[in-house]
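Report on the following structure.
Every number in this text was worked out from the coordinates using simple rules, so none of it is lab data. Keep in mind that what you see is a predicted model, and the values were worked out from it rather than measured. Heads up, the Cβs are rebuilt from the backbone with ideal geometry, glycines too, and the neighbour counts pull from every protein chain shown.
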Number of protein chains: 6
Amino acid sequence: MTTVAPVPDPESDPRVKAVFDDIRRTRGSDFVNLLWRHLAFDADLLSSTWAEVKAVMATPSALDPLTKELVYVAVSVVNGCGYCVHSHTAAARAKGMTAAQHADLLRVVALAAKTNQIATALQVPIDREFDAAQG
Amino acid sequence: MTTVAPVPDPESDPRVKAVFDDIRRTRGSDFVNLLWRHLAFDADLLSSTWAEVKAVMATPSALDPLTKELVYVAVSVVNGCGYCVHSHTAAARAKGMTAAQHADLLRVVALAAKTNQIATALQVPIDREFDAAQG
Amino acid sequence: MTTVAPVPDPESDPRVKAVFDDIRRTRGSDFVNLLWRHLAFDADLLSSTWAEVKAVMATPSALDPLTKELVYVAVSVVNGCGYCVHSHTAAARAKGMTAAQHADLLRVVALAAKTNQIATALQVPIDREFDAAQG
Amino acid sequence: MTTVAPVPDPESDPRVKAVFDDIRRTRGSDFVNLLWRHLAFDADLLSSTWAEVKAVMATPSALDPLTKELVYVAVSVVNGCGYCVHSHTAAARAKGMTAAQHADLLRVVALAAKTNQIATALQVPIDREFDAAQG
Amino acid sequence: MTTVAPVPDPESDPRVKAVFDDIRRTRGSDFVNLLWRHLAFDADLLSSTWAEVKAVMATPSALDPLTKELVYVAVSVVNGCGYCVHSHTAAARAKGMTAAQHADLLRVVALAAKTNQIATALQVPIDREFDAAQG
Amino acid sequence: MTTVAPVPDPESDPRVKAVFDDIRRTRGSDFVNLLWRHLAFDADLLSSTWAEVKAVMATPSALDPLTKELVYVAVSVVNGCGYCVHSHTAAARAKGMTAAQHADLLRVVALAAKTNQIATALQVPIDREFDAAQG
């Protein structure tokens with residue numbers, strides 16, 4: 001079940017092929033997962049989405065690759081995106097996430113969700129001490 | 001504005017005082033932020049909530065303290081909890097988060113939210129390759 | 001701050017006046033809270049929204065009035081609607097919610113949010129035993 | 001499909017067995033649903049999660065058991081957790097929820113979600129009358 | 001898998017039959033999708049929900065039918081309702097949505113979700129210029 | 001209150017100045033709203049975010065500018081981003097949204113949120129007829 005029929009032979013479009021080739025090269029794997037295959041219905045959207053994923057997730061930056069994947073999983077869980085939870089949990093594992101780290105991640109996500117609800121339910125005013133504009 | 005009036009002299013209740021003292025000791029600071037002051041309306045809820053925050057966030061575990069704070073901020077952002085975004089961004093900064101790491105965190109959270117929407121909109125079926133039960 | 005300027009003299013419109021009068025009569029109070037005053041920018045939307053609130057929340061039904069308010073607060077918390085959390089916590093209190101019940105409500109909402117995240121993170125398959133179509 | 005492979009013989013771990021036994025005893029049933037079986041990948045997380053569920057949901061408190069289940073279902077619906085909606089709707093039914101109460105629950109959840117969006121869209125300022133600190 | 005068993009012969013209830021007939025007439029099609037078939041467990045809820053869908057979505061109003069469907073899809077995506085994403089994407093297509101418009105819709109939804117997270121993470125104060133009450 | 005102190009003289013950084021100048025030119029206005037001023041703490045994030053907003057929202061595409069703003073408002077409402085609801089409601093008005101269209105938008109967003117909850121609560125299976133892969 002999907003809302004966009006997968007394109008029969010997506011790599012016959014040279015723009016799609018260029019993106020798929022870059023995905024394979026970047027990951028060092030022949031596997032191109034279904035998100036990209038479905039996005040192939042619009043070469044522009046496919047291309048700009050992959051460019052951003054590559055720039056943010058596959059380029060060295062201030063946060064290390066595993067931390068970025070853990071944050072990605074956390075956001076995907078809270079947004080309830082089953083596909084993204086699957087693909088990024090797999091990615092985190094590929095980048096070295098251990099079972100103990102996975103359990104720890106769940107503990108933090110679950111606790112944060114819990115205190116988020118409590119603070120929202122109490123409508124707690126924000127302490128002046130947290131204001132970055134105070135310097 | 002709040003939905004629960006802060007208790008006038010919360011530390012006159014010895015159970016509340018014990019929690020506030022533990023918060024101060026654990027953080028090495030006299031500051032007890034307003035979330036705890038509002039939770040003092042129910043000593044049980046205050047006590048169990050703090051016990052879990054201490055166990056998960058202030059106890060060495062598989063993930064390092066800064067990574068846990070970054071995940072906490074990410075979850076709080078997606079849940080739209082202004083209070084929690086403020087308190088945990090401050091906590092992340094206190095644990096060493098640089099401005100470059102903060103910007104990187106925003107990039108990952110924003111990108112994850114973006115691809116979450118795309119995958120949900122396309123209702124992409126989940127690749128067999130992501131199933132941990134296949135192992 | 002608001003996205004719709006409140007109408008200067010809303011009750012000069014007889015349709016708005018009829019709704020405000022019905023709100024006052026139904027609640028036995030002169031107070032008409034700001035949500036209704038802002039909705040007065042469109043008499044149709046005001047009228048249909050109030051009609052549904054009255055039918056669901058102020059008419060005897062299978063669930064008692066306090067239970068319905070507690071559910072309303074819970075939904076408003078998870079949706080992060082500060083206005084609604086305030087107005088429906090006040091309504092629950094007016095319908096008899098005690099401080100102990102309020103704390104209990106927070107415990108359930110917080111726990112549910114926590115296990116929601118865990119189940120979503122694990123992508124647990126649904127037990128056949130839960131399927132109502134199995135009968 | 002799952003992100004954590006279920007442990008083959010979970011009750012060979014005495015800590016897991018102790019939790020499963022307590023679940024069976026508390027519920028008076030042999031059935032241990034899949035959430036707990038998947039959580040068995042980390043005995044600590046399994047144990048602390050069950051302890052909280054038991055303390056909040058299976059211990060007499062200020063709210064009656066059915067009301068707590070209805071709130072749990074409401075939160076799970078808004079968080080979009082299919083697993084939790086299934087398991088807690090089944091639990092509510094086991095605690096006596098009638099079809100008429102179920103329909104009433106849906107009406108309240110749906111109405112709350114609706115007015116949450118309207119209040120957020122209008123960015124209605126909060127009436128002073130709702131401030132518990134005024135009290 | 002469902003939480004409410006579909007009613008075996010729903011149209012034997014004249015109130016359900018009246019709604020199903022109106023759905024068929026309004027859409028000019030014999031197809032009654034599963035949401036309505038499951039809602040038939042409570043004729044009141046079925047009837048009031050359909051009445052609102054018909055009034056808002058199938059009655060000429062200030063916004064054209066396709067724009068309304070696009071907004072409906074967007075809300076359903078953010079709420080993570082798979083069923084609704086499917087049914088309203090199909091409806092948008094039936095009302096003329098092209099593949100290019102679909103891709104454009106995804107671009108806007110994804111961008112909005114992205115900047116929503118950034119603004120929430122920064123807790124940006126709201127510019128006075130946006131206040132409609134200033135006007 | 002903010003989590004990132006606004007940069008004192010942001011346009012002394014030529015990259016920030018280039019973005020602000022482009023914002024002014026694109027909108028034909030001297031006003032640069034606070035989101036951009038706060039994002040100036042990281043010139044890269046500012047620059048890439050603005051580039052995407054300009055490409056999606058200020059460039060002719062398959063959907064007309066007002067429809068895109070209405071979708072943007074809808075997403076921002078469901079995500080509970082007060083800042084974004086304010087800024088994009090103002091933008092929609094600047095692009096011609098009438099009060100009647102605004103009310104209609106609220107009606108659709110509210111109805112979608114309502115039926116999203118109902119479909120999620122019922123866990124309705126998805127009709128085969130909606131599967132785009134069936135063709």
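Look at the axis of the rotation that sends chain A onto chain D, then give the chain A residue with the nearest Cβ and the distance in whole Å.
Checking which Cβ lies nearest the axis yields A:Gly80, 2.
Quick check: net charge around F:Thr49, other residues with Cβ under 10 Å of its Cβ, Lys/Arg +1 and Asp/Glu -1?
Values: positive: B:Arg107, E:Lys114, F:Lys54; negative: F:Asp42, F:Asp44, F:Glu52.
With Lys, Arg at +1 and Asp, Glu at -1, the net is 0.
C:Ile23: net charge of surrounding residues, Cβ under 11 Å, Lys/Arg +1, Asp/Glu -1, itself excluded?
Net charge in that neighbourhood comes out at +3.
Do any chymotrypsin sites (Phe, Trp or Tyr not before Pro) in the range E:23-90 lie in a DSSP loop with no more than 16 other beta carbon atoms within 10 Å, and if so, which?
Listed in order of number, the matching sites are E:Phe31.
Could you compute the net charge surrounding E:Glu69? Neighbours are other residues with a C-beta less than 11 Å from the C-beta of E:Glu69; K and R count +1, D and E count -1.
So the surrounding residues net to +2.
I need the peptides D:96-106, E:103-113 ranked by packing, meaning the mean over residues of other C-beta atoms within 10 angstrom, with the highest value on top.
E:103-113, D:96-106
Under the definition of partner shielding as Cβ atoms of other protein chains within 10 Å of a residue Cβ, what is the mean value for peptide C:25-36? Mind dumping the intermediate values first?
Details: counts 0, 0, 0, 0, 1, 0, 2, 1, 5, 9, 8, 1.
For peptide C:25-36, the averaged partner shielding equals 2.
Taking the Cα of F:Asp44, stepping 7 Å toward and past its beta carbon, and measuring to each backbone N in the range B:68-105: which are under 18 Å?
Backbone N within reach: B:97-105.
As I understand it, the dipole of the range E:62-135 uses +1 on the Cβ of Lys and Arg and -1 on the Cβ of Asp and Glu, about the Cα centre. Which of E:Val108, E:Val75, E:Ala90 lies farthest toward its positive end?
Farthest towards the positive pole: E:Ala90.
Translational diffusion coefficient, Stokes-Einstein: compute it for the range A:51-131 using the Kirkwood radius over C-alpha pairs as Rh, at 20 °C and 1.002 mPa s, and state it as an integer in µm² s⁻¹.
Values: Rh = 14.4 Å.
Translational D for this selection: 149 µm²/s.
Within 10 Å, count the other beta carbons around each residue, average over each peptide in E:120-129, F:62-71, C:52-61, and list them highest first.
Listed from highest to lowest mean packing, they are F:62-71, E:120-129, C:52-61.
Can you give me the orientation-averaged projected area of the convex hull built on the Cα atoms of chain D, in nm²?
Computed as one quarter of the Cα hull surface, the answer is 11.8 nm².
So, how do all the Cα-to-Cα distances of the protein assembly as shown break down into 10 Å bins, in percent, from 0 on up?
So the P(r) values, bin by bin, are 2, 14, 25, 28, 21, 9, 2, 0.
Given N residues in the range F:1-80, what is Rg(Cα) / (2.2 N^0.38 Å)?
1.19
With the label 7 angstrom out along Cα to Cβ, how close does C:Arg128 come to the same site in each of the other copies, in nm, nearest first?
Reported distances to equivalent positions: 2.2, 2.2, 6.4, 6.4, 6.8 nm.
Eight or more residues apart or on different chains, and alpha-carbon atoms under 22 Å: count the Lys pairs in chain A matching that.
So the count of such lysine pairs works out to 4.
For F:Ala100, which inter-copy label distances result when the label point lies 7 Å beyond Cα on the Cα-to-Cβ vector, reported in nm to one decimal and in ascending order?
3.0, 4.3, 5.7, 5.7, 6.7
In chain C, which helices (entire DSSP H runs) extend 24 Å or more along their own long axis, judged by Cα positions, while averaging at least 0.5 on the Kyte-Doolittle scale?
Helix filter hits for chain C: C:99-122.
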